[in-house]
Every structure is written in C-alpha cells, then in structure tokens.
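First up is the structure itself, then whatever we jot down about it.
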Amino acid sequence: MVRCMPQRAADLDRLFRALGDPTRRAVIERLREGPASTSELARPFGMALPSFLQHLAVLEEAGLVTSTKEGRVRTYRLTPEPLQAAEDWLGTQRDLWERRLDQFDEYVLSLEQEQRR
C-alpha cells in the first residue's frame, strides 16, 4: 500500500515527525485556543528564537499550522485537517492488530482444547 502512494507516505512521515516533539505538540495545543503571534508562542519555552522558529517551520511543513504576516507580526493558526491522515493510518493499524490478536487468541484457545483431549 505504501509503495503505491509515496506522497501519502511522505506526508505521514512529515506529520509524525512534527508530532514527535513535545515542543511542537505544546504549540499545537496552544493554537487550539486560537491564533497567536510568534513571540506569544515562543514565550513559554526557554530557547533562542531561531531554534523555536525551526519548530514552527516543521509544523508548517507538515501542514499543521499556517502563518500570515501583517507588518512585523507573524501570526500562526492551527490547520487540523492533516491530523485526519494520522487518525486514518492509526485506525488501520489498530484494526490490523486487533484482528491479529483475535486470531492469536483463537489459536491459543484451540491449543488448550487439544491439550485437554
């Protein structure tokens, strides 16, 4: 399936990379409250602004945030639609593993029944 859809795989890779960092997840949680400027987003984190801007660039590259600039102020907004791709992928994985575990459970039960005979 992944071989047939390389762009989708690349999009998922970017999305999970973006979500894999606690600073970026905190930014996403903050943006759920509404748009915020770069300085407002950076304030709670004890890091240099250039380092923080790299986090925002990763989020923007993954499509999780968009930014607009008015004058000297850049404002970021959450764009949650890409999370649907992660949710779909995780749901597929959950279904697969639930089926596998059910099959394993059936196998173990059949072994137990054979031993009782």
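The values are calculated or read from the model by the stated rules, or taken from the named source; none is laboratory data. Everything numeric in this text was worked out from a predicted model, so none of it was measured. Cβ sites come from the backbone with ideal geometry, for glycine too, and all protein chains shown count toward neighbours.
Tabulated data
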| quantity | calculated |
| --- | --- |
| Residue within the stretch 4-24 that is surrounded by 13 or more Cβ atoms within 10 Å (Cβ to Cβ) and in contact with a strand residue (DSSP E or B) (Cβ under 8 Å, 6 or more places away or on another chain) present | no |
| Out of Leu41, Leu49, sole residue that is under 19 Å from Thr79 (Cβ atoms), touching a helix residue (DSSP H, G or I) at 6+ places or on another chain (Cβ under 8 Å) and of a type outside the set (Phe, Trp, Tyr) | Leu41 |
| Test: residue in the stretch 64-87 that is of a type outside the set (D, E, K, R), exposed (fewer than 13 other Cβ atoms within 10 Å of the Cβ), at pLDDT below 95 and not in a loop (DSSP other than H, G, I, E, B) | yes |
| Qualifying residue in the stretch 90-112 (condition: in a helix (DSSP H, G or I), in contact with a helix residue (DSSP H, G or I) (Cβ under 8 Å, 6 or more places away or on another chain) and among the aliphatic types (A, V, I, L, M)) | no |
| Residue tally, condition in a helix (DSSP H, G or I) and either loosely packed, with under 14 Cβ neighbours inside 10 Å or free of Cβ contacts under 8 Å to residues at least 24 places away in the same chain (or both), over the stretch 33-51 | 6 |
